[in-house]
Amino acid sequence: MTATSSDIEKAAGVLRAGGLVALPTETVYGLGANAEDPAAVTRIFEVKGRPPTHPLIVHVAAAAQLDDWVAEVPPAARLLADRFWPGPLTLVLRRGTRVPLEATGGLETVAVRVPDHPVALALLSAFGGGVTAPSANRFGQVSPTTAANVRSELGGAVDFVLDGGPCEVGVESTIVDVTGEQPAILRPGGVTREDLAAVLGHPVAVPSTSGVRVPGQHPSHYAPRARVVLVEPKKILAEAELAQEDGCQVGVFLPPQLADAPVKAHAVVVLPESPAAYARGLYGFLRELDQQGCDLIVASLPPEEGLGLAIGNRLRRAAGPRAVT
Ligand code: TXA
Ligand code: MG
């Protein structure tokens, strides 16, 4: 059931008292704390089991608040904030003094975003300050896209869960570092590289898949319980059959053009045609195959354009260091 205004008030009170609130955003559910309360921020890391050096995103209610949290706003950052906020874009800027080092993992930069979800925006307005929120899952696991996912993953460790329905975008925000000479994408996400280039008037550097400087860029992340293997689309059926004959419980991410093909596997998800629907469903599909008892998931990488870049990034992380075979 979607959060009511009294739920919002209650959640704002929990944040003021130093508690943790799970909140819906358009990308995934977040595990929120008062960004200016180091003890509350520290609890986020404990609940997630996340290393303390992994920086968090500060969520604010409006682009006009950006200046309160950062040391300076370069022109490119202003342009991107004006164009994409509220929305699935996170900007990394030089840290303002208001941001405790607990929130930035000790870094002198801070990540900031304005989420595009009515419940998140209502909470941020009612609370008034910034809310640090990583995805509301245990470290390395699949991100939650429903309130039920949050409850089953974190349960009693969260003081209050705001339900805002299923997330519309389904993959995390695009993180853009605007502290350097040129903006650079640190994590592909809900705002595409093409959209960024159109607004900036020039191409934006593509994330390196090997760099591990940025947390969330560890080889294995966003991972279901089942092992994930990535193969070429034309090899999906053969790979699934082989593994199933080997005694694996195989789950298949079946491309829509193969929807009618006979599949020898334990469970099948027929992928949607549109990249937006694929992104929206991605984490739910991974959870579903886990729930059906699969121990291996066979999938392919989508074309690296539009949302395909973010989907492919999450699939690679889910596949861990094995990557494409
Ligand atoms: O869509 C999202 O971004 C979701 C929702 C809840 O807003 N949040 C999210 O948070 O994905 P999290 O903690 O799971 O991932 C945030 C990532 C970190 O893993 C790190 O890569 C990056 O943001 N990050 C945060 N601060 C940074 C900084 N100062 N410099 C570089 N990267 C930073
Ligand atoms: Mg996360």
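The values are calculated or read from the model by the stated rules, or taken from the named source; none is laboratory data. In this text the structure is predicted, and so the values were computed from the model without any measurement. Every residue, glycine as well, gets a Cβ built from its backbone with ideal geometry; the counts of neighbours run over all protein chains shown. The protein model used for the area step is the full one, side chains on, heavy atoms only, and it has no ligands, DNA or RNA in it. Shrake-Rupley method; radii C 1.70, N 1.55, O 1.52, S 1.80 Å.
Assorted remarks:
- Restricting region 296-310 to residues that are within 16 Å of the chain's Cα centre (by Cα) and open to solvent by less than 10 Å² (accessible area, probe 1.4 Å), the residue that is nearest to Glu239 (Cα to Cα): Gly308
Table: residues versus (1) more than 12 Å from the chain's Cα centre (by Cα); (2) at positive phi; (3) within 13 Å of ligand 1 (Cβ to nearest atom).
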site: Val119; (1), (2), (3): yes, no, yes
site: Leu123; (1), (2), (3): yes, no, yes
site: Ala126; (1), (2), (3): yes, no, no
site: Ser135; (1), (2), (3): no, no, yes
site: Gly155; (1), (2), (3): yes, yes, no
site: Val161; (1), (2), (3): yes, no, no
site: Gly170; (1), (2), (3): no, yes, yes
site: Val176; (1), (2), (3): yes, no, yes
site: Thr179; (1), (2), (3): yes, no, yes
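- Where helices (runs of 4 or more DSSP H) sit wholly within region 1-111, those with at least 3 residues that are surrounded by fewer than 18 Cβ atoms within 10 Å (Cβ to Cβ) and more than 10 Å from ligand 1 (Cβ to nearest atom) occupy 5-16, 38-48, 75-84.
- Flag if Leu121 is part of a helix (DSSP H, G or I) and either closer than 19 Å to Val21 by Cβ or out of contact with any helix residue (DSSP H, G or I) (no Cβ under 9 Å at 6 or more places or on another chain) (or both): yes
- Region 226-261, residues that are polar (S, T, N, Q) and without any contact (Cβ under 8 Å) to a residue 12 or more places away in the chain: Gln257
- In region 112-126, residue nearest to ligand 2 (Cβ to nearest atom) [restricted to those that are surrounded by fewer than 23 Cβ atoms within 10 Å (Cβ to Cβ) and more than 30 Å from Gly201 (Cα to Cα)]: Val119
- Scanning region 128-146 for residues that are surrounded by 22 or more Cβ atoms within 10 Å (Cβ to Cβ) and more than 16 Å from ligand 2 (Cβ to nearest atom) gives a single hit, Gly130.
- Among the conditions (1) in contact with a helix residue (DSSP H, G or I) (Cβ under 7 Å, 6 or more places away or on another chain); (2) in contact (Cβ under 8 Å) with a residue 60 or more places away in the chain; (3) away from ligand 2 (no atom under 16 Å from the Cβ); (4) among the aliphatic types (A, V, I, L, M), the only one that Ala77 does not satisfy is (1).
- Residue within region 6-23 that is under 21 Å from the mean Cα position of the chain (by Cα) and small (Gly, Ala, Ser) present: yes
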